[in-house]
Each structure stands twice: as C-alpha cells, then as structure tokens.
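Enquirer: Would you mind keeping the following structure in view while I ask a few things?
No value in this document is a laboratory result; all are computed from the given coordinates. All values reported here derive from a predicted model rather than from experimental measurement. With ideal geometry, Cβ positions are generated from the backbone for all residues, glycine too; neighbour counts draw on all protein chains shown.
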Amino acid sequence: MKNKPNQPKANPVAPAKTTNAAASSASTSEPSKRLLALPAKKLDRFWGQVSKTDRCWNWTGHKNGPEPGREHGIIRVNGKEVRVHRLSYMIHIGPIPDGYFVCHRCDNALCVNPAHLFVGTHNDNMADMVQKRRSTWGSRNPNAKLNDNIASKMKEMLSRGIKQGTIAAEFGVSPSLISHLSRGKIWRHV
Ligand SMILES: [Zn+2]
C-alpha cells in the first residue's frame, strides 16, 4: 500500500524518450540554413563577371532593370535568370525566406558583396531606399517626408504622366501625399 503512490513515478521515463526524438528530428531539419552550392564552372562564370573594390563588389556582366542606376546583375542558373545579388546572398549567407527581398546597405544595386546585403520585406526595402535618398540629398529635417529634390523628382514624374500610385510606391510615401503634391497643396516652390 505504501509503495503504490511511488509506482507511477517510474513512468515519466517514456515521455522523456519522445522529447529526445523530437529534439533530434529538429536538429536534422536545421540544414535549411545551408548555403547554395553552385557547380565550380558556374561559380567561375559568376566571379569572372565581378570586379571587387575595397568596398563594393561590382557586377560587370549582363544587367536588367528599369533605368540606368537601378539595374540588377543577371546570371542564368539552371535555365532561369537569377539576380546576382540574390545569388550571392544564397551562396554566402543562406536561403532567402519566401516573400523577402535582398536589399543593399551600400545602395549600389550592382554590388554582390555579401557584407552589403540583407534580407527585408518590400516595406523595409522602400523605407531603406527613402531613408538613403534623404541622407544622400541632405534634407535638413529628418522627419520631413519630402525634400526639394525628391519633390521635384516626383513632380517631374507626374508631368511625364506616371500614375500617382506608382510614384507613391516608388518613394515609399502615401498616395495622398502625391495627390497633395499634384494639386499644388504642398511643395509649390519646386
Ligand atoms: Zn556594396
């Protein structure tokens, strides 16, 4: 009778075994972090089109993009065109999560230096771009959504008939801001 309450205590050993099994299966699924292994020939072709500087590693091969300065390097892998900065990220850092972009810290779209690359969402990418433009173009007020340069660039795009929504997305600002701009409610002086 006195021993009876002790008996069930021996049982918990069994559940412990299942947690071990779960742990080991978790560790085997970890290679999701593994780097993309390209055939040596393909890697040679990749590096043959990269010109390294102290800072950026510039792609000199085939390019594709909306306009000069915003082009991305392209290489063909397994019959598919791949952006070279994304490829560099996969080779050096790891897989790109679904729906994520590979962005440039250096603001140089042709750079494949993995130290300059990071993954972000579309919004991160836009916010990052706008922030860089702001600092490059030297707005005095860091909270200002626009500065003269950005506003005049937006106006120029409006005058070319580019849709307000497109411009808003391009600069990561609200469509209503573009609407105000187009109706002369703000930034009339540029
Ligand atoms: Zn760079």
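Enquirer: Taking other Cβ within 10 Å of each residue's Cβ, how do Met154, Met90 sort, fewest first?
Expert: Fewest-to-most ranking of Met154, Met90: Met90, Met154.
Enquirer: To continue, here is another question. Find how much the distance from Ser152 to Ile74 grows on full extension, using 0.36 nm per residue of separation minus their present alpha carbon separation; answer in nm with one decimal.
Expert: Fully extending the segment from Ser152 to Ile74 adds 24.9 nm.
Enquirer: A further question on this structure: List, in the order given, every pair from Lys80/Lys163; Lys63/Lys153; Lys42/Lys63 whose Cα-Cα distance in the structure shown is over 21 Å.
Expert: Lys80/Lys163; Lys63/Lys153
Enquirer: Where does each of Leu181, Leu43, Leu158 land when they are ranked from fewest to most other beta-carbon atoms within 10 angstrom?
Expert: The most exposed by this proxy come first: Leu43, Leu158, Leu181.
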